[in-house]
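Asker: Got a structure for you, written out below as structure tokens; questions coming shortly.
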Amino acid sequence: MTWKKWKQRIFYGATDMGGNLIWQMVGLYLLFYYTTVLNISAAFVGTLFLVVRFIDAFDGMFFGYLIDHTKSKYGKSRPYFLWFGVPLGILAMLLFINPSFGGNDLFQKIWVSVIYTLFSLVYSGANTPITAILPSLTKNKEERANLASARMVMTNIGTTVIAAITLPIINMLGGQKSETAWMIWGIIIGSVIMLLFFSAFINLREQPLEESDNEADQIEGHLSIKESFKGAFKNRPWVILSISLILIQTFWVTRMSATVFYVTYVYNAKKVFSLLMAFTITSVIGNLLVPILAKKFSNRSIMTGILIAFIIGQVISPLGINSGNVVWIFAGNIISMITMGGVFTLSFVMIADTVEYSRVVQKIEEPGFLSSIPMVGAKIGMGVGGAVSGWVLAWGGFSANATVQSAKALSAISINFIWIPVLLSIVVITMMRFYNLDEKQLSAQDTDTAEANVLKDASIEEV
């Protein structure tokens, strides 16, 4: 293995590690920080989060469109690591730097609203090119899988570290209610984010596309928004994959948000929750398995097999409820974590395949627009998954003040944690039957086209 390939994998993974350092901080601690440290009402913060989700739900497509129309000596996607990655680090700092405004509550709410909104928009601008750049980093199917695997391994390492060390460091710096402690930690994280994105910008290189003199092989780029949507919706593999990713994000958010409820009330094992969450790191196994499986099986087959394994993990999780044996919830959760690590890694590989399909088969180049779907799916999934979780809990009559929940409330928690993910997984498995992209054949077709162009050029020179 050459250093050049390892270098590319490391710095490609650095981009998503940088983005997810702050995404994990926001997901785990921003609500706590706003409500407990800054004493902003939970109702206001909840409304802020919901409104911003509506504002930026589809901004990934906008940034994808910008990437497709970008012309620079650094490529299409790579400049965005500098243009948005560095500002993302600054905004990560500002999320945890809050002027007192002389105790004026209104000004403070305006400040956090503006900073959080800007953060969400800039996060999309920094995250969208991570997926968009993958097809141009390599044309090799197996190396794409390795790059996607490296991306998810570094992401999971970063998010696990943040989850594990944030509160101990905050306590060391002054305590969980200390604004200064959170500010210092925010500055440290923001600095690391800027360093990671800037390093990726310096070290990654986009490969130029093969050009053809044959009019029938000409690649059409710089499409209008209307043409971008038209081309995307004619790309059947992309449409199927896009819907699948939204469903996957939806059931994963639903499951994750229900985990603490399931362990606390259904299993009655609140004390093991932190240990259970520590096994999130096992998702790295799934990240690493994808490149190995990609050598022998098609991506569609791998996705189907992984989701079947995920369903098995979900189904065995409740087996220890009656006996109080937590081994089953640990076993089921580990299987689910490993398989979802594989699902998300494979998703990025398959997106790159649909981009290549667009270029080779449809003769359309729109990597940014097509690659924006993970961000759109993540945000739609967060919104829909969060809403579904709340609605199901409300249907079950869940009461936060009750020490013992009703049978219907326990059923509602189980529906969120077990059965919604199982049902939507089955839907995605069914959809994969109609995913007609053969990435090996596509790669061969692209290679044949390139070789034909080379032979054509050689014959011209001979003449």
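Asker: Assuming K177 fulfils every condition listed in (1) open to solvent by less than 80 Å² (accessible area, probe 1.4 Å); (2) modelled with pLDDT of 85 or more; (3) of a type in the set (D, E, K, R) apart from one, which condition is it?
Answerer: Here K177 meets the rest and fails (1).
Asker: Another question, if that's okay. Find the helices (runs of 4 or more DSSP H) located wholly in segment 104-196 whose residues include 3 or more that are more than 23 Å from the chain's Cα centre (by Cα) and not polar (S, T, N, Q), and list them. Before you say what the answer is, go through the steps one by one.
Answerer: Details: elements: 105-132, 134-137, 141-173.
The qualifying helices (runs of 4 or more DSSP H) are 105-132, 141-173.
Asker: State which residue pairs qualify: first residue closer than 9 Å to F84 by Cβ and inside segment 125-140, second residue β-branched (V, I, T) and open to solvent by less than 10 Å² (accessible area, probe 1.4 Å) in any location, beta carbons under 7 Å apart, and separation of 6 or more residues or different chains.
Answerer: Pairs found: T128/I67; P129/I67.
Asker: Quick test for you: out of P79, P135, pick the one residue that is in contact with a Ser or Thr (Cβ under 7 Å, 6 or more places away or on another chain) and under 30 Å from E227 (Cβ atoms).
Answerer: None of the other options fit; the residue is P79.
Asker: Quick test for you: out of K4, K73, pick the one residue that is assigned to a helix (DSSP H, G or I), open to solvent by 50 Å² or more (accessible area, probe 1.4 Å) and farther than 28 Å from P168 by Cα.
Answerer: Of the residues listed, the single one that is assigned to a helix (DSSP H, G or I), open to solvent by 50 Å² or more (accessible area, probe 1.4 Å) and farther than 28 Å from P168 by Cα is K4.
Asker: Six or more apart or on different chains, Cβ under 7 Å: which pairs go from a residue in segment 403-417 that's free of Cβ contacts under 8 Å to residues at least 60 places away in the same chain to one that's part of a helix (DSSP H, G or I) and open to solvent by 80 Å² or more (accessible area, probe 1.4 Å)? Could you list them?
Answerer: A412/W395
Asker: A further question on this structure: Identify, please: which residue in segment 230-255 is surrounded by fewer than 18 Cβ atoms within 10 Å (Cβ to Cβ) and in contact (Cβ under 8 Å) with a residue 24 or more places away in the chain and is, among those, farthest from A409 (Cα to Cα)?
Answerer: Taking the candidates together, the pick is K234.
Asker: Also: Among the candidates S317, S298, which residue alone is of a type in the set (S, T, N, Q), over 19 Å from L245 (Cβ atoms), at pLDDT 90 or above and open to solvent by less than 60 Å² (accessible area, probe 1.4 Å)?
Answerer: Values: S298 fails: over 19 Å from L245 (Cβ atoms).
Every option except S317 fails the conditions.
Asker: State whether one or more residues within segment 158-180 are without any contact (Cβ under 8 Å) to a residue 24 or more places away in the chain and small (G, A, S).
Answerer: Yes; the residues of segment 158-180 include at least one that is without any contact (Cβ under 8 Å) to a residue 24 or more places away in the chain and small (G, A, S).
Asker: Hey, S212 hits all of (1) of a type in the set (S, T, Y); (2) closer than 28 Å to M61 by Cβ; (3) modelled with pLDDT under 90 but one; which does it fall short on?
Answerer: Here S212 meets the rest and fails (2).
Asker: Checking the condition touching a helix residue (DSSP H, G or I) at 6+ places or on another chain (Cβ under 8 Å), open to solvent by 60 Å² or more (accessible area, probe 1.4 Å) and among the β-branched types (V, I, T), which residue from I193, I169, I187, I162 passes?
Answerer: After applying the criteria, what remains is I187.
Asker: What pairs come up if the first residue lies in segment 14-26 and is in contact (Cβ under 8 Å) with a residue 40 or more places away in the chain, the second is open to solvent by less than 10 Å² (accessible area, probe 1.4 Å) and of a type in the set (K, R), and their beta carbons are under 7 Å apart, counting only those six or more places apart or on different chains?
Answerer: D16/R151
Asker: Would you be able to tell me the number of residues in segment 257-274 that are out of contact with any helix residue (DSSP H, G or I) (no Cβ under 8 Å at 6 or more places or on another chain) and assigned to a helix (DSSP H, G or I)?
Answerer: Keep residues of segment 257-274 that are out of contact with any helix residue (DSSP H, G or I) (no Cβ under 8 Å at 6 or more places or on another chain), which gives 268, 271, 274.
Among the residues that remain, those that are also assigned to a helix (DSSP H, G or I) are: 271, 274.
Counting residues in segment 257-274 that are out of contact with any helix residue (DSSP H, G or I) (no Cβ under 8 Å at 6 or more places or on another chain) and assigned to a helix (DSSP H, G or I) gives 2.
Asker: Got a sec? Which of T47, T35 is surrounded by fewer than 15 Cβ atoms within 10 Å (Cβ to Cβ), part of a helix (DSSP H, G or I) and either out of contact with any Leu (no Cβ under 8 Å at 6 or more places or on another chain) or of a type in the set (G, A, S) (or both)?
Answerer: Exactly one residue qualifies, and that residue is T47.
Asker: Just one of the numbered conditions (1) under 20 Å from the mean Cα position of the chain (by Cα); (2) buried (at least 23 other Cβ atoms within 10 Å of the Cβ); (3) not charged (D, E, K, R) is not true of Y357; which one?
Answerer: (1)
Here is a yes/no grid of residues against (1) of a type in the set (A, V, I, L, M, F, W, C); (2) at positive phi; (3) in contact with a Pro (Cβ under 7 Å, 6 or more places away or on another chain):
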| position | (1), (2), (3) |
| --- | --- |
| L50 | yes, no, no |
| Y65 | no, no, no |
| F84 | yes, no, no |
| G103 | no, yes, no |
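Asker: Which residue is surrounded by the fewest Cβ atoms within 10 Å (Cβ to Cβ), if the candidates are limited to segment 10-25 and must be over 15 Å from S124 (Cα atoms) and modelled with pLDDT of 90 or more?
Answerer: Restricting to residues being over 15 Å from S124 (Cα atoms) and modelled with pLDDT of 90 or more, the top hit is I10.
Asker: State yes or no: is A394 free of Cβ contacts under 8 Å to residues at least 24 places away in the same chain and touching a Leu at 6+ places or on another chain (Cβ under 8 Å)? Step through it out loud before you land on a result.
Answerer: Numbers: free of Cβ contacts under 8 Å to residues at least 24 places away in the same chain: yes; touching a Leu at 6+ places or on another chain (Cβ under 8 Å): no.
Judged against the criteria, A394 is not a match.
The values are calculated or read from the model by the stated rules, or taken from the named source; none is laboratory data. Every value quoted in this text rests on a predicted model; they were computed, and no experiment measured them. Reconstructed Cβ throughout: ideal geometry from the backbone, glycine too, with neighbour counts over all protein chains shown. SASA here: full protein model, heavy atoms, side chains in, ligands and nucleic acids out. Shrake-Rupley method; radii C 1.70, N 1.55, O 1.52, S 1.80 Å.
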